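Below are the structure tokens for one structure; questions will follow.
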2 protein chains.
Amino acid sequence: MSTAQHPPGRARPGGRTARTRTAVLGAVFDELGDKGFAALTMEGVAQRSGVHQATIYRRWRSMEGLVCALLTERSAAAIPVPDTGTLCGDLRTLARGIGAFYEDARNRAMIEAVVSAAARDPRAEEVLREFFDDRLDVAGVMVRRAVDRGELPPGTDAEAVVGALGAPFYYRMLLVRRPVDLELVESATHATYTAAKAGAYVRSDA
Amino acid sequence: MSTAQHPPGRARPGGRTARTRTAVLGAVFDELGDKGFAALTMEGVAQRSGVHQATIYRRWRSMEGLVCALLTERSAAAIPVPDTGTLCGDLRTLARGIGAFYEDARNRAMIEAVVSAAARDPRAEEVLREFFDDRLDVAGVMVRRAVDRGELPPGTDAEAVVGALGAPFYYRMLLVRRPVDLELVESATHATYTAAKAGAYVRSDA
């Protein structure tokens with residue numbers, strides 16, 4: 001196995017590189033929860049993880065690089081894409097997953113940190129764009145299955161439907177600055193389901 | 001008229017205070033458009049506005065304070081609340097207004113700067129929260145009129161409907177990192193209208 005197959009920082013799973021990664025990203029996550037993004041420092045991450053600041057800088061370059069790596073590591077696995085057999089069930093399960101994920105203050109601080117990083121650093125913006133492109137594509141399978149089952153009109157834009165489900169959560173957290181709650185889970189599910197059935201997300205070129 | 005009636009920085013409209021405010025916030029806005037948030041500095045704002053850095057620090061305290069003042073000054077007037085006679089017309093007009101507002105790179109950079117500021121500074125977070133509380137309340141009149149006309153079910157949460165219309169735009173800009181477009185204007189309008197009619201935003205305690 002050639003090391004060229006592994007991008008830096010992801011090589012040798014289970015080895016020292018992986019342990020360092022786990023320790024550092026875990027420390028970032030816990031620091032976000034304890035102190036919030038405003039007080040996040042490289043020094044704090046180094047102290048908490050027991051990894052030298054120089055090592056952290058060498059691998060992740062900046063705080064922006066760190067929070068982006070954390071996002072990639074945590075979110076995809078934490079909010080699985082459901083397969084309940086019906087579109088409404090899938091949408092509700094995914095909405096509950098998003099709601100539960102962002103009940104944790106560390107996850108709220110993480111997404112806030114990543115959006116902040118993207119505002120300052122084009123590399124962080126690219127990580128965020130790729131992350132959401134990928135998430136929308138992967139979760140879009142729920143919608144494509146619903147089209148195949150005849151639950152949704154042909155030509156429905158799968159990523160638009162998934163985005164419509166997620167958007168109210170980020171709007172609530174980042175703009176309205178209020179907690180997400182069960183009422184939001186229910187209204188996002190009901191609204192996205194009803195609108196998708198009515199053809200609101202059929203592509204205009206379809 | 002006592003000066004105690006006027007909070008600092010808002011006193012004597014048309015006077016020197018107001019002129020300084022206009023020059024400084026105009027300079028912040030133009031700097032955001034030319035250079036983006038990452039390159040925004042107090043020095044750049046001072047040079048562009050012709051106002052001393054010390055004066056800017058004294059009045060607005062920080063970059064966070066500046067971008068929040070800019071948000072409050074610009075957005076509310078720039079996206080008026082429509083009254084077309086129908087809910088669908090009102091939603092479409094408001095969605096077009098949001099879309100047109102964020103076609104301007106300076107406005108995109110402004111909202112990004114404010115969200116970033118809120119992540120770092122509790123005072124900026126409070127400004128953002130108050131701003132959106134106020135906007136949702138003011139624009140909610142469209143929804144309350146629709147309920148009165150019998151277009152929407154009684155108990156519909158006006159702020160939830162307005163938030164549902166706006167959420168996809170902020171999600172697109174801040175998370176997905178793609179431009180807003182006419183397709184988004186149409187899908188947000190259609191989806192919000194259909195879902196509101198179907199009762200997706202009726203308060204659970206109604």
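The values are calculated or read from the model by the stated rules, or taken from the named source; none is laboratory data. Bear in mind the structure is a predicted one, so any value in this text is a computation, not a measurement. A quick note on method: Cβ atoms are made from the backbone with ideal geometry, for glycine too, and the neighbour counts reach across all protein chains shown. Quick note on the areas: whole protein, heavy atoms, side chains included, nothing else; ligands and nucleic acids left out. Shrake-Rupley method; radii C 1.70, N 1.55, O 1.52, S 1.80 Å.
State whether one or more residues within segment B:71-86 are of a type in the set (Asp, Glu) and surrounded by 20 or more Cβ atoms within 10 Å (Cβ to Cβ). Even if it seems obvious, please write down each step before you answer.
Kept after step one, since they are of a type in the set (Asp, Glu), are these residues of segment B:71-86: B:73, B:83.
Next, from what is left, pick out any that are surrounded by 20 or more Cβ atoms within 10 Å (Cβ to Cβ): none.
Within segment B:71-86 (the criterion being of a type in the set (Asp, Glu) and surrounded by 20 or more Cβ atoms within 10 Å (Cβ to Cβ)), the answer is no, since none of the residues qualifies.
Please tell me if A:Phe131 is at pLDDT below 95 and more than 7 Å from chain B (Cβ to nearest Cβ). Lay out the reasoning, then the answer.
Details: at pLDDT below 95: yes; more than 7 Å from chain B (Cβ to nearest Cβ): yes.
So A:Phe131 fits the description; yes.
Right, another one. Residues in segment A:134-144 that are open to solvent by less than 60 Å² (accessible area, probe 1.4 Å) and either at pLDDT 95 or above or hydrophobic (A, V, I, L, M, F, W, C) (or both): how many? Don't jump to the end; show me each part of the working.
Going through segment A:134-144, the residues open to solvent by less than 60 Å² (accessible area, probe 1.4 Å) turn out to be A:135-136, A:139-143.
Pick out the ones that are also either at pLDDT 95 or above or hydrophobic (A, V, I, L, M, F, W, C) (or both) and you get A:136, A:139-143.
The total comes to 6.
Then there is this: Please identify the pairs in which a residue from segment A:64-81 that is touching a residue at least 12 places away in the same chain (Cβ under 8 Å) has its Cβ atom under 7 Å from the Cβ atom of a residue that is aromatic (Phe, Trp, Tyr), counting only partners at least 6 apart or on another chain.
Between residues of segment A:64-81 that are touching a residue at least 12 places away in the same chain (Cβ under 8 Å) and residues that are aromatic (Phe, Trp, Tyr), the close pairs are A:Leu66/A:Trp60; A:Ala69/A:Trp60; A:Leu70/A:Phe29; A:Leu71/A:Phe131; A:Thr72/A:Phe131; A:Ala78/A:Phe101; A:Ile79/A:Phe101.
Taking A:Val138 as meeting all but one of (1) within 7 Å of chain B (Cβ to nearest Cβ); (2) touching a residue at least 12 places away in the same chain (Cβ under 8 Å); (3) β-branched (Val, Ile, Thr), write down the number of the exception.
The number of the failed condition is (1).
Can you tell me how many residues in segment B:51-70 are assigned to a loop (DSSP other than H, G, I, E, B) and open to solvent by 70 Å² or more (accessible area, probe 1.4 Å)? Spell out how you get there, then give the answer.
From segment B:51-70, those assigned to a loop (DSSP other than H, G, I, E, B) are B:51-52, B:61-62; that's our starting set.
Of the ones still in play, those that are also open to solvent by 70 Å² or more (accessible area, probe 1.4 Å) are B:52, B:61.
Final tally of qualifying residues: 2.
A further question follows. Quick one: how many residues across segment B:170-206 are of a type outside the set (A, V, I, L, M) and in a helix (DSSP H, G or I)? Reasoning before the result, please.
Step one: filter segment B:170-206 for residues of a type outside the set (A, V, I, L, M), giving B:170-172, B:177-179, B:181, B:183, B:186-187, B:189-190, B:192-194, B:197, B:199, B:201, B:203-205.
Among the residues that remain, those that are also in a helix (DSSP H, G or I) are: B:170-172, B:183, B:186-187, B:189-190, B:192-194, B:197.
Selection size over segment B:170-206: 12.
Listed here are the residues, each with its yes/no results for (1) buried (at least 18 other Cβ atoms within 10 Å of the Cβ); (2) more than 17 Å from B:Leu165 (Cα to Cα); (3) more than 7 Å from chain B (Cβ to nearest Cβ); (4) touching a residue at least 24 places away in the same chain (Cβ under 8 Å).
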| residue | (1), (2), (3), (4) |
| --- | --- |
| A:Asp157 | yes, yes, yes, yes |
| A:Val162 | yes, no, yes, yes |
| A:Gly166 | yes, no, no, yes |
| A:Tyr170 | yes, no, no, yes |
| A:Val176 | yes, no, no, no |
| A:Ala191 | yes, no, no, yes |
| A:Ala195 | yes, no, no, yes |
| A:Tyr201 | yes, no, no, yes |
| A:Asp205 | no, yes, yes, no |
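Another question, if that's okay. Kindly provide the set of residues from segment A:104-117 that are over 18 Å from A:Ile79 (Cα atoms) and either more than 7 Å from every other protein chain (Cβ to nearest Cβ) or not in a helix (DSSP H, G or I) (or both), ordered by number.
Pass one, segment A:104-117, residues over 18 Å from A:Ile79 (Cα atoms): A:113, A:115-117.
Within segment A:104-117, just A:Ala117 meets the criteria.
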